[in-house]
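Worksheet for the structure shown next.
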Amino acid sequence: MLKNRRSRLKPFFEEYALKAVLVTDLKNIRYLCGFSGSEGALLISPETSWFLCDSRYTAQAAEEVHGAEVRECGAVRIDTIAALADEFGLDRIGFEASHTTVSSFRRLSEKLDRIELVEIGPILDEIRICKDASEIELLRSVATLSSHALTAVLHLIKPGVQEVEIALALEFEMRRRGADGKAFDFIVASGERGAMPHGRASNKIIASGDLVTIDFGALQNGYHSDETVTVACGQPNLREQEIHSIVKDAHDRAIEAVRAGISCKDLDEVARSFICEKGYGDFFGHGLGHGVGLEIHEPPTLSPRSAAVLETGMVITIEPGIYIPGFGGVRIEDTVVVTDNGCDVLTCADKQLLVL
Ligand code: ZN
Ligand code: ZN
């Protein structure tokens, strides 16, 4: 499987006339060789690959890394790269421009002065955009865990409880169920704070009559889940019910429209035009969704400006919302896998307006 992923780099070796690619982004390293630690580099040539790490990670790399020879580096990793380049005639090496700082590029250029360094652009992001079967299983498993954790803590939402208490209880529940951590800082935004699409859980006390938006996800085996529910604490008023029902319908219509071949722009338009028709177009300011995988936000982007077209195996979120300053807001989000004819919804918390 990892071999399969590395083989997808092959056309790029030819396109850029490269002898090797130096991968320094840790998510890409994990994707290509399995290493999950926090320091290392992967040098890939069409024939051989080397995983380079310092002594802290040699044992872990020996267990985790597949398809690359583990080389423990001394104090300066670039010296090992230079030695390998000399030994194997790697005189033109691609590097990830979007994951290399100016200062590390300078260091590389000084040390590797006999080697031509070539910017390769987001090739690996493109390779990662369609998930393989093992990734989809990991994404499904983390999404299920996360949805079940939410369901287990919903009863804690009642008047007098702080938003942050809900966030902490949810994180604890995820960890108890086997998550490695949370996917991001949860959003728990109640009452008027619901108008902030990214209102992180605060010490605000939830009051009776508040809508509460909870945007949450777990992290497990490197993969993220992303899901949002908006629930009511006590009986919601008519306007709150109306807004929830519009967002829910926009969400359902967009999920109905997901399939390989639709453009991200057109999919965004399905939800956006519905919200506009209902008179709330000015209150849906963000894009419809984004890719999810080893990163919580990754390509493709679903927005009115997106040029991407959905393909089978992409994992994306569908998350329309309405945010009204001084009133509050509603967002509903699911993570789905794109299939030939539709999609498979991975997240599974109830999206009806629950009254707690
Ligand atoms: Zn989210
Ligand atoms: Zn999201």
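The values are calculated or read from the model by the stated rules, or taken from the named source; none is laboratory data. Owing to the predicted nature of the structure, the values given are computational and were not obtained by experimental measurement. When we count neighbours, we look across all protein chains shown, and the Cβ atoms used for this are built from the backbone with ideal geometry, even at glycine. Accessible surface is based on the protein model in full, side chains and every heavy atom, while ligands, DNA and RNA are left aside. Shrake-Rupley method; radii C 1.70, N 1.55, O 1.52, S 1.80 Å.
If you take the residues of the stretch 325-348 that are of a type outside the set (A, V, I, L, M, F, W, C) and crowded, with 18+ Cβ neighbours inside 10 Å, which of them is nearest to ligand 2 (Cβ to nearest atom)?
So, considering only residues that are of a type outside the set (A, V, I, L, M, F, W, C) and crowded, with 18+ Cβ neighbours inside 10 Å, the one nearest to ligand 2 (Cβ to nearest atom) is GLU333.
When you look at HIS251, is it within 16 Å of ligand 1 (Cβ to nearest atom), more than 15 Å from VAL229 (Cα to Cα) and either at pLDDT 95 or above or small (Gly, Ala, Ser) (or both), yes or no? Spelling it out, it is not the case that HIS251 is within 16 Å of ligand 1 (Cβ to nearest atom), more than 15 Å from VAL229 (Cα to Cα) and either at pLDDT 95 or above or small (Gly, Ala, Ser) (or both). Here the condition is being away from ligand 1 (no atom under 13 Å from the Cβ) and more than 25 Å from GLY194 (Cα to Cα); of VAL355, VAL330, VAL309, it holds for VAL309 alone. For the stretch 136-173, filtered to residues that are within 11 Å of GLN220 (Cβ to Cβ) and among the β-branched types (Val, Ile, Thr), the residue that is farthest from the chain's Cα centre (by Cα) is THR144.
Within the stretch 134-183, the residues that satisfy the criterion of being part of a loop (DSSP other than H, G, I, E, B) and either surrounded by fewer than 16 Cβ atoms within 10 Å (Cβ to Cβ) or in contact with a His (Cβ under 6 Å, 6 or more places away or on another chain) (or both) are LYS158, PRO159, GLY160, ARG177, GLY178, ASP180, ALA183. Looking across the stretch 207-220, the residues that are within 13 Å of the chain's Cα centre (by Cα) and more than 16 Å from ALA189 (Cβ to Cβ) come down to ALA218, LEU219, GLN220. Within the stretch 211-233, the set of residues being in a loop (DSSP other than H, G, I, E, B), away from ligand 1 (no atom under 16 Å from the Cβ) and open to solvent by less than 20 Å² (accessible area, probe 1.4 Å) comprises GLY222, CYS233.
Scanning the stretch 290-315 for residues that are among the hydrophobic types (A, V, I, L, M, F, W, C) and either open to solvent by 30 Å² or more (accessible area, probe 1.4 Å) or part of a loop (DSSP other than H, G, I, E, B) (or both) turns up VAL292, LEU294, ILE296, ALA307, ALA308, VAL309, LEU310.
Of all residues in the stretch 270-289, those satisfying the criterion of being more than 16 Å from ligand 1 (Cβ to nearest atom) and surrounded by fewer than 17 Cβ atoms within 10 Å (Cβ to Cβ) are SER273, CYS276, GLU277, LYS278, GLY279, GLY281, ASP282. Entry remark, the stretch 161-198: residues being within 16 Å of ligand 2 (Cβ to nearest atom) and basic (Lys, Arg) number 1 in total.
Criterion applied to ILE318, ILE322, ILE296 was being in contact with a strand residue (DSSP E or B) (Cβ under 9 Å, 6 or more places away or on another chain), closer than 16 Å to VAL247 by Cα and within 14 Å of ligand 2 (Cβ to nearest atom), and the one residue passing it is ILE318. If the condition is being away from ligand 1 (no atom under 16 Å from the Cβ), of a type outside the set (Lys, Arg) and open to solvent by 10 Å² or more (accessible area, probe 1.4 Å), then the stretch 192-210 contributes GLU192, ALA195, SER202, ASN203, ILE205, ALA207, SER208, GLY209, ASP210.
Elements of the type strands (runs of 3 or more DSSP E) sitting completely within the stretch 9-79 and holding at least 2 residues that are touching a Leu at 6+ places or on another chain (Cβ under 7 Å) and either among the hydroxyl-bearing types (Ser, Thr, Tyr) or more than 21 Å from ILE129 (Cα to Cα) (or both): these cover 41-44, 49-53. If you go through the stretch 101-116 and keep only what is crowded, with 16+ Cβ neighbours inside 10 Å and touching a Phe, Trp or Tyr at 6+ places or on another chain (Cβ under 8 Å), you end up with just LEU108.
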